[in-house]
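S.K.: Before we start, here is the structure in question, set down as structure tokens.
We did not get these values from a lab; they are worked out from the coordinates using the rules stated. For clarity, every value in this text was computed on a predicted model and none was experimentally measured. So basically every Cβ, Gly included, is an ideal-geometry build from the backbone, and we count neighbours across all protein chains shown.
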Amino acid sequence: MAELQIRNLHVRTEDREILRGVDLTVRTGELHALLGPNGSGKSTLANTIMGHPSYEVTEGEILLDGQALNELAPHERARLGLFLAFQYPVAVPGVSVANFLRMAINAQRDEPIKVKEFGSQLDHAVRLLDVDRSFTSRHLNDGFSGGEKKRAEILQMAMLKPQIAVLDETDSGLDIDALRTVAEGVAKLHAEQGVGALIITHYQRILDYVKPQFVHILMDGRIVMRGGPELVARLEREGYDPIREEVAANA
Amino acid sequence: MPETTPPAAGSSQGTPGTPAPRKAGTAREATLNFALDGVGAGGVPLAESRALALAAYERLALPAWRRSGFWTTTLEQLDIESLEQLTHAERDADAPAFLGGQDAAGILVQRDSSVAHVQLNGELAQRGVILCSLEEAAQNHPQLFERYYLRRLQIDRHKIEAASAAFWSGGAFLYVPPGLELDDPFQIVYEISRGGTAQYAHTLAIVDRGSSIRLREYGLAGDTEGDTLHAGAFELYLEDAARCRLAQVTDWGGGRVHDVSTSVVEVARDAYCHWLPALLGGALIHHHDEIAVAGQGGDMAFRGLFFAQRDEHLDVFAVDLHETGPSGGDVHWRGAASGESRASFEGLIKINQGAQQSHTYLQFHSMLLSADAELDAIPSVLVGADDVSASHGGTVGELDEDLIFYMQTRGLTRPQAVRVIVEGFFEPLIVQLDDPQLEQLVRDRIGAKLAGAADEIERYALAR
């Protein structure tokens with residue numbers, strides 16, 4: 001059981017402050033959705049949780065089970081059980097999906113994983129994501145379609161078995177079939193491995209397949225509203241504008 | 001009417017003897033043509049050819065090549081007369097351990113200036129395959145020797161080339177008669193065991209009509225002391241419909257080895273060559289690697305990779321020559337530079353007059369791993385026919401921070417991520433070696449270089 005705690009997080013890039021005091025707690029087994037309009041700071045939060053060097057934390061803390069992560073390098077955060085599914089996964093030329101997965105798994109262990117164990121885990125994961133095993137001999141993300149890239153992200157999540165995963169707009173750029181496969185993959189991983197997930201989305205479509213217990217709305221670098229699934233339904237109906245007005249009226 | 005041009009500002013007008021302004025590019029073209037056209041000394045007995053080469057050696061000064069606007073490759077400082085040609089009387093009983101006991105059609109090892117080991121599969125010997133020192137070939141197979149020796153190599157473009165033709169000893173000779181398809185490779189190894197020496201190496205290989213082989217040539221040294229020279233000459237003739245997969249792997253270690261080598265491959269009618277030099281270390285490397293498609297329907301894939309580190313100096317001139325058409329070519333090189341190394345890749349496509357329906361493409365990709373390293377790419381195209389396609393392309397790469405971050409989020413450390421990027425950069429070529437053991441040898445050597453350069457790569461990555 002792990003707990004990711006974000007306390008009063010302020011983050012800036014070179015030119016401006018993007019997050020202005022975010023508080024959020026995600027535990028193993030919980031499904032959270034973070035919704036917000038473009039430019040509200042969603043991707044900044046995702047990247048900052050993993051320690052991207054371009055984002056500077058000016059105030060506040062990120063904790064995993066009480067341990068401060070602020071000074072840890074990205075690979076150290078990964079080894080503690082955090083995972084980020086990228087909005088725009090980068091191509092890794094010359095390295096097959098399978099070889100990359102093996103390297104990533106071995107990076108988190110003392111002893112290299114046994115060939116047979118790796119093989120059976122990979123078989124299980126490709127079935128879960130409804131991809132052909134030959135997919136894993138292609139170079140990671142190199143020439144992949146949008147849907148293939150997102151499947152490769154969830155495939156990595158399945159193999160690395162994080163405690164807490166952040167999914168940054170995993171639903172963007174997907175057709176409906178790819179979206180269903182990816183979302184169902186996440187739901188199965190949640191059921192099987194009990195991963196805690198922070199699902200960041202702009203369109204909410206992914207939430208038709210993965211039902212979050214907790215919903216947060218991010219605007220202008222702050223979480224302005226929290227609730228349950230009913231908040232998704234309200235957004236679906238009304239869009240962001242009424243919420244923006246309501247927040248302004250209460251301020 | 002004579003061509004006139006306005007006088008340039010500041011020039012002394014009307015001075016007698018002012019040279020006529022040259023068409024842009026003319027000097028460049030002349031330089032390239034000179035690089036291709038020397039005088040050969042083949043078709044004659046060896047003693048005669050050596051005498052011609054010796055005369056050229058005595059006449060010529062040590063070379064300097066101007067490779068780009070920034071720097072030159074020079075051997076003017078090399079005290080060539082002081083270098084010893086080290087000979088060994090004994091032969092080795094076994095093949096070198098690094099070959100790993102892999103099945104081979106044949107193995108020939110030259111240590112310093114002597115052939116130290118020769119073995120040839122007995123069945124192949126019975127079927128007419130010849131593998132022996134080049135000295136023995138000149139004596140025992142004079143007709144074959146004189147038909148091919150120096151057919152495409154020149155002796156007088158620079159002093160080192162002349163020295164190689166005049167002074168080589170040992171050497172490797174391979175002849176594969178028509179109609180043999182061999183899977184196991186021929187392995188030819190040049191080792192330098194001590195610094196302060198000169199190794200004049202010469203490999204002559206012929207694959208006769210319709211035969212198909214794999215050929216490997218290694219140039220290896222440990223960490224030697226003192227200035228050392230490897231002057232290599234390599235010639236491979238593929239007769240009609242012959243096929244060869246040729247790999248050349250050189251790593252001269254951490255000493256002061258100067259490797260000035262010329263390799264030529266001739267591809268006859270309907271023949272095919274896949275050629276991959278891997279240049280993995282040496283204080284100063286100057287390679288002229290030339291593949292000539294000389295017969296209709298000839299085709300080739302010319303791959304190459306290099307990794308320059310520390311203060312190494314590497315200078316590759318790769319030539320894709322089409323003497324007749326239809327013919328095909330596909331040139332793809334990749335190079336990385338770390339430390340304070342200097343590397344230059346000059347790639348020339350030359351399509352001769354009348355070589356219609358020649359189609360070729362040259363690409364070069366580079367990756368810079370240090371702020372103090374320099375890496376230049378200079379592509380040139382000389383075309384003398386109108387129904388052809390000849391083009392070039394390439395990329396200049398640095399370490400991609402987004403890619404490093406991506407891998408870090410999967411648990412890889414920065415050095416691990418950099419290693420994956422650089423290995424991935426070379427991987428499309430390494431897999432084309434099509435031999436797991438050789439592929440692993442090249443990967444391991446690249447991995448060792450990366451491990452040695454980890455600190456400077458880290459500094460470079462953080463400095464940007």
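S.K.: Restricting attention to region A:21-113, which GluC sites (Glu not before Pro) occupy a DSSP loop and are surrounded by at most 13 other Cβ atoms within 10 Å?
M.R.: When the GluC sites (Glu not before Pro) of region A:21-113 are filtered for loop state and at most 13 Cβ neighbours within 10 Å, A:GLU71 remain.
S.K.: In addition: Relative to the Cα centre, what is the charge dipole magnitude of region A:3-250, using +1 at the beta carbon of each Lys and Arg, -1 at the beta carbon of each Asp and Glu, and rounding to the nearest 20 debye?
M.R.: On the way: 28 positive and 36 negative charges, 117 e Å.
Here region A:3-250 has a charge dipole of around 560 debye.
S.K.: How far apart, in nm, are two points set 7 Å out from the Cα along the Cα-to-Cβ line at A:HIS124 and at A:HIS202?
M.R.: 3.6 nm
S.K.: For peptide B:399-406, how many partner chain Cβ atoms fall within 10 Å of a residue's Cβ, on average?
M.R.: Across the residues of B:399-406, the mean count of other-chain Cβ atoms within 10 Å is 5.
S.K.: Multiplying the sequence separation of B:GLN356 and B:GLU439 by 0.36 nm and subtracting their Cα-Cα distance, what value in nm do you get?
M.R.: 26.2 nm
S.K.: If you don't mind, there's one more thing I want to ask. Nearest-5 percent of antiparallel DSSP beta bridges in the protein assembly as shown?
M.R.: Bridges in the protein assembly as shown that DSSP calls antiparallel: roughly 20 percent.
S.K.: FRET efficiency for A:THR13 and B:ALA27, Cβ-Cβ distance as r, R0 = 56 Å, nearest 0.05?
M.R.: With R0 = 56 Å, the Cβ-Cβ based efficiency is 0.65.
S.K.: With each run of n ≥ 4 DSSP H residues scored as -39500 (n - 2.57), what mean residue ellipticity at 222 nm is computed for the protein assembly as shown after dividing by its residue count and rounding to the nearest 500 deg cm²/dmol?
M.R.: That comes out to -8500 deg cm²/dmol.
S.K.: Next question. With 10 angstrom as the radius, rank B:TYR272, A:TYR88, B:TYR57 by how many other C-beta atoms surround their C-beta, starting from the fewest.
M.R.: Placing the least packed residue first, the sequence is A:TYR88, B:TYR272, B:TYR57.
S.K.: Give me the aspartates and glutamates in straight-line cross-link reach of A:LYS114: C-alpha distance below 20 Å, same-chain residues under 8 apart excluded.
M.R.: Partners within reach: A:ASP123.
S.K.: Taking just the C-alpha trace of region B:291-353, give me its Rg and Dmax in Å.
M.R.: Cα-based Rg and Dmax for region B:291-353 come out at 14.6, 45 Å.
S.K.: How far apart, in nm, are two points set 7 Å out from the Cα along the Cα-to-Cβ line at A:ASN250 and at B:ASP79?
M.R.: Computed distance between label sites A:ASN250 and B:ASP79 equals 8.6 nm.
S.K.: Helix A:229-238 against the longest principal axis of chain A: what's the angle in degrees, Cα atoms only, rounded to the nearest 10?
M.R.: 70 degrees
S.K.: Before anything else, pin down the relative contact order of chain B: Cα pairs under 8 Å, at least 6 apart, normalised by residue count, whole percent.
M.R.: About 9 percent, as a whole number.
S.K.: Something else now. Set the Förster radius R0 to 35 Å, insert the Cβ-Cβ distance between B:VAL44 and B:GLU423 as r into 1/(1 + (r/R0)^6), and round the FRET efficiency to 0.05.
M.R.: 0.15
S.K.: Could you run the Karplus curve 6.51 cos²θ - 1.76 cosθ + 1.60 with θ = phi - 60° over region B:415-424 and give me ³J(HN,Hα) per residue in whole Hz, x for Gly and Pro?
M.R.: With coefficients 6.51, -1.76 and 1.60, one gets x, 5, 5, 4, 4, 4, 5, 6, 5, x Hz.
S.K.: Please list the non-local residues whose amide H lies under 5 Å from the amide H of B:GLY397, H modeled 1.01 Å from N, same-chain partners needing a gap of 5 or more.
M.R.: Answer set, sorted by chain and number: B:SER366, B:MET367, B:LEU368.
S.K.: How large is the charge dipole for region A:50-172, taken about the Cα centre, if only the Cβ atoms of Lys, Arg (+1) and Asp, Glu (-1) carry charge, to the nearest 20 debye?
M.R.: 680 debye
S.K.: Please identify the GluC sites (Glu not before Pro) of region B:212-242 that satisfy two criteria: DSSP loop assignment and at most 12 other Cβ atoms within 10 Å. Which are they?
M.R.: Qualifying residues, ordered by number: B:GLU225.
S.K.: Here's something else I'd like to know. Among A:GLN204, B:GLY122, B:ALA377, pick out the residue whose Cα is farthest towards the positive end of the charge dipole of the protein assembly as shown, where Lys and Arg carry +1 and Asp and Glu carry -1 on C-beta, about the Cα centre.
M.R.: A:GLN204
S.K.: Kindly identify the protein assembly as shown as rounded, prolate or oblate by the Cα gyration tensor criterion: order the square roots of the eigenvalues as a ≥ b ≥ c, call it rounded if a/c is under 1.5, otherwise compare a/b with b/c, prolate if a/b is larger, else oblate.
M.R.: Prolate is the answer for the protein assembly as shown, as a/c is 1.5 or above and a/b outweighs b/c.
S.K.: Moving to a separate point now. Work out the mean other chain Cβ neighbour count within 10 Å for the residues of B:425-431 and drop it here as an integer.
M.R.: Taking all residues of B:425-431 together, the mean is 2.
S.K.: For region B:26-398, how big is Rg over Rh, using alpha carbon atoms and the Kirkwood form of Rh?
M.R.: With Rh from the inverse mean 1/r over Cα pairs, Rg/Rh is 0.94.
S.K.: For region B:26-398, build the charge dipole from Cβ charges (+1 Lys, Arg; -1 Asp, Glu) around the Cα centre, then report which of B:TRP71, B:PRO185, B:TYR361 sits farthest towards its positive end.
M.R.: Of B:TRP71, B:PRO185, B:TYR361, it is B:TYR361.
S.K.: Between region A:86-152 and region A:154-201, how many Å separate their Cα centres?
M.R.: 15 Å
S.K.: Please label the shape of chain A as rounded, prolate or oblate, based on the square roots a ≥ b ≥ c of the eigenvalues of the alpha-carbon gyration tensor (a/c under 1.5 means rounded; beyond that, a/b larger than b/c means prolate, else oblate).
M.R.: prolate
S.K.: List the residues whose amide H sits under 5 Å from the amide H of B:ASP372, counting only those 5 or more places along or on another chain, with H placed 1.01 Å from N in the peptide plane.
M.R.: Amide H neighbours of B:ASP372, under 5 Å, 5+ apart: none.
S.K.: Something else about it: How big is the gap, in Å, between the Cα center of region B:86-155 and the Cα center of region B:216-271?
M.R.: Value for the Cα centre distance between the two parts: 14 Å.
S.K.: While we're here: Quantify how strongly other chains surround peptide A:88-97 by giving the mean number of their Cβ atoms within 10 Å of each of its Cβ atoms.
M.R.: Across the residues of A:88-97, the mean count of other-chain Cβ atoms within 10 Å is 5.
S.K.: Now, a different point. Simple spin-label model, 7 Å along Cα-to-Cβ: A:ASP175 to A:ALA191 in nm?
M.R.: For the pair A:ASP175/A:ALA191, the computed spacing is 2.6 nm.
S.K.: Sticking with this structure for a sec: Tally the DSSP beta bridges in region B:26-398 and give the antiparallel ones as a percent, rounded to 5. Write down the numbers at each step before the final one.
M.R.: Working: 14 of 147 bridges.
Bridges in region B:26-398 are about 10 percent antiparallel.
S.K.: Could you tell me the calculated FRET efficiency between B:ALA371 and B:LEU60, based on Cβ-Cβ distance and R0 = 41 angstrom, to the nearest 0.05?
M.R.: 0.60
S.K.: About its Cα centre, what dipole magnitude does chain B give when the only charges are +1 on Lys and Arg Cβ and -1 on Asp and Glu Cβ, stated in debye to the nearest 20? All intermediate terms of the calculation are to be shown ahead of the outcome.
M.R.: On the way: 36 positive and 65 negative charges, 130 e Å.
For this selection, approximately 620 debye.
S.K.: Taking the dipole about the Cα centre of region A:3-250, with the C-beta of Lys and Arg at +1 and of Asp and Glu at -1, give me whichever of A:THR25, A:VAL131, A:PHE214 is farthest to the positive side.
M.R.: A:VAL131
S.K.: Would you please give the residues with an amide H less than 5 Å from that of A:GLY21, counting only those at least 5 places away or on a separate chain, with H modeled from the backbone geometry?
M.R.: A:LEU9, A:HIS10, A:VAL11
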